[in-house]
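Data block below; observations after.
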Amino acid sequence: MPAQFELDEELSSIQQDTIHISREIPIEGENQKTLERILNEIVDILQESSYNITDSTLFDQIRSFVKYDMSFNAIFLESRLVATLSGFNTEIVSTAQDLDANDQEAYLHHRDPLEMYGFLVFWIISVTEQKATSRATVAEKAGKAT
């Protein structure tokens, strides 16, 4: 798990727009094919195990994609969202199974990945809302200019 991941701190950082990603991958100016390859690798790793989200390098790669969300096309964004939601769903199911088995130790093992997925979903939604608001503002200004 990322050594510095603390849900409350991460939420504060996105609300204050002070996001720091230790192992941020260079997104801006990167070749689209390279980014698609990296995203496909992320998807493959998460499909192997939803718990892989706790790998600090992988988590930072995903956060890099979310941070630069505004510069991607819709299909690319959808694949990132689907991968995140799929991993989140798998982790929820796994957690529920451990709860049903009354395995408290295994259940607690799920806290970190659940918080990480929840954080990513929240951040993706926030970025999407910002993007929609930005487009609406541009459209509104264009309408007033005519």
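Check region 68-87 and report whether any residue there is at pLDDT 90 or above, of a type outside the set (Gly, Ala, Ser) and surrounded by fewer than 17 Cβ atoms within 10 Å (Cβ to Cβ).
No, region 68-87 contains no residue that is at pLDDT 90 or above, of a type outside the set (Gly, Ala, Ser) and surrounded by fewer than 17 Cβ atoms within 10 Å (Cβ to Cβ).
Looking at VAL66, is it part of a helix (DSSP H, G or I) and within 19 Å of GLU129 (Cβ to Cβ)?
yes
Can you give me the number of residues within region 10-23 that are of a type in the set (Val, Ile, Thr) and open to solvent by 30 Å² or more (accessible area, probe 1.4 Å)?
2
For region 104-120, what are the residues that are open to solvent by 30 Å² or more (accessible area, probe 1.4 Å) and either in a helix (DSSP H, G or I) or modelled with pLDDT under 75 (or both)?
GLN104, GLU105, TYR107, LEU108, ARG111, ASP112, LEU114, GLU115
On the basis of being outside any helix (DSSP H, G or I) and either touching a residue at least 12 places away in the same chain (Cβ under 8 Å) or touching a Pro at 6+ places or on another chain (Cβ under 8 Å) (or both), does ILE124 make the cut?
Taking the combined requirement at face value, the residue does not satisfy it.
Can you report the number of residues in region 24-59 which are open to solvent by 60 Å² or more (accessible area, probe 1.4 Å), within 21 Å of LEU77 (Cα to Cα) and assigned to a loop (DSSP other than H, G, I, E, B)?
6
The values are calculated or read from the model by the stated rules, or taken from the named source; none is laboratory data. Since the model is a prediction, treat every value here as computed from it, not as a measurement. Backbone-built Cβ (ideal geometry, glycine too); neighbour counts: all protein chains shown. Note: accessible area is taken over every heavy atom of the protein model, side chains too, but ligands, DNA and RNA are not part of it. Shrake-Rupley method; radii C 1.70, N 1.55, O 1.52, S 1.80 Å.
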